[in-house]
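**Student:** Quick one: structure below, then a few questions.
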Amino acid sequence: MTRYDLHLVAWDFDGVLNDGFRDGRAIWADNFERDLGHPISSFRDHFFGDRFEAVVTGREDLRAAVADWADKVGYAHGADTVIRYWFEQDRHPVPAMLERLDRLADRGMRQVIATNNEAHRARFIEDEMGYGTRVETVFASGRMGLRKPDPRFFHHIAAETGVTPGNILLVDDLEENIAAARDAGWQGYHLTDIHENDLDAVLGLR
């Protein structure tokens, strides 16, 4: 891939800046039953699927959805405890990516996060994980009411940042998101273990 006229880097979060998966599983849930006293299967069955889609696009509040599960299974410590546990256990920043963020910032490159996350986690990413001081904005699906690979997600970011689509690069681990970004006129870099070594060249860091 050849880099050209790059004015804005849009970073995906989970799978790119944050490494929360091992062998296809979300590692935040590994000790859920031990730590919270309820099987993770009950949480997954309740939360993931159509309800998760509503939460991640901002049509339902995460706290309300988790509180509903807590009431259903008799979890006594409330939704906020579950959410805090989830977010803390899913906190795995990638040092090499943090270094890239800082090196690009030193060169004056504009950077944002473009993520399919609901609003509570977006704030956690900004405030608790510190990305709010590393990028201009966290564009999160729960705030926008749109999620990748919806083309409107990409149009919204281009409009909000004022950057011509062809001058924006999406770095994402999902090929369908890269394809959608390119269809919207963006540049795209599909991050995989195989191809990560040439990311620095694409970003102009070597």
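**Student:** So what J values fall out for region 10-18 if you push phi through Karplus, 6.51 cos²θ - 1.76 cosθ + 1.60 with θ = phi - 60°, rounded to Hz, Gly and Pro as x?
**Tutor:** 10, 9, 5, 9, 6, x, 10, 7, 10
**Student:** Continuing with this model, one more query. Can you find, among LEU174, ALA184, ALA159, the residue sitting farthest towards the positive end of the charge dipole of the chain, where Lys and Arg contribute +1 and Asp and Glu -1 at Cβ?
**Tutor:** Projecting each Cα onto the dipole axis, the largest value belongs to ALA159.
**Student:** With θ set to phi - 60°, apply the Karplus curve 6.51 cos²θ - 1.76 cosθ + 1.60 along region 73-85 and write out the HN-Hα couplings as whole Hz, x wherever there is a Gly or Pro.
**Tutor:** 9, x, 6, 8, 9, x, 5, 4, 5, 5, 5, 4, 4
**Student:** Can you give the relative contact order of the chain as a percent, counting alpha carbon pairs under 8 Å and 6+ residues apart?
**Tutor:** Numbers: 292 pairs, mean separation 56.3, N = 206.
Relative contact order comes out at 27 percent.
**Student:** Taking 0.36 nm per residue of separation and subtracting the Cα-Cα distance, what length does fully extending GLU136 through GLU175 add? Please list the in-between numbers first.
**Tutor:** Values: separation 39, 0.36 × 39 = 14.04 nm, distance 2.47 nm.
Roughly 11.6 nm would be gained on extension.
**Student:** To the nearest 0.05, what FRET efficiency results for ASP198 and VAL73 with a Förster distance of 35 Å applied to their C-beta separation?
**Tutor:** With a Förster radius of 35 Å, E is 0.15.
**Student:** Next question. Per the helix-only calculation at 222 nm, which mean residue ellipticity applies to the chain, given -39500 (n - 2.57) for every DSSP H run of n ≥ 4 and division by its residues, nearest 500 deg cm²/dmol? Can you show the working numbers first?
**Tutor:** Numbers: 11 runs with 89 residues, N = 206.
So the calculated ellipticity at 222 nm is -11500 deg cm²/dmol.
**Student:** If you don't mind, there's one more thing I want to ask. In the chain, what is the volume of the convex hull around the alpha carbon atoms, normalised per residue and reported in Å³? All intermediate terms of the calculation are to be shown ahead of the outcome.
**Tutor:** Numbers: hull volume 23.7 nm³, N = 206.
Expressed per residue, the convex hull around the Cα atoms of the chain is 115 Å³.
**Student:** Placing unit charges on C-beta atoms (Lys and Arg positive, Asp and Glu negative, everything else neutral), compute the dipole magnitude of the chain about its Cα centre in debye, rounded to 20. Provide the component values of the computation, followed by the final result.
**Tutor:** On the way: 24 positive and 37 negative charges, 76 e Å.
Rounded to the nearest 20 debye, it is 360 debye.
**Student:** Charges only on Cβ, +1 for Lys and Arg, -1 for Asp and Glu: so what's the dipole of region 22-89 about the Cα centre, in debye to the nearest 20? Can you show the working numbers first?
**Tutor:** Details: 9 positive and 13 negative charges, 16 e Å.
It comes to approximately 80 debye.
**Student:** What list of ³J(HN,Hα) couplings, whole Hz, do you get for region 53-60 from phi and the Karplus terms 6.51, -1.76, 1.60, once you set θ to phi - 60° and write x for glycine and proline?
**Tutor:** Using θ = phi - 60°, the values come out as 4, 5, 5, 5, 9, x, 7, 9 Hz.
**Student:** What angle, in degrees between 0 and 90 and rounded to the nearest 10, separates the Cα long axis of helix 151-161 from the longest principal axis of the Cα atoms of the chain?
**Tutor:** 70 degrees
Taken together, the values in this text are just the output of simple stated rules run on the coordinates, not laboratory data. Note that the coordinates shown come from a computational prediction; the quantities given were computed from them, not determined experimentally. For neighbour counting, all protein chains shown are included, and Cβ atoms are generated from backbone atoms with ideal geometry for every residue, glycine included.
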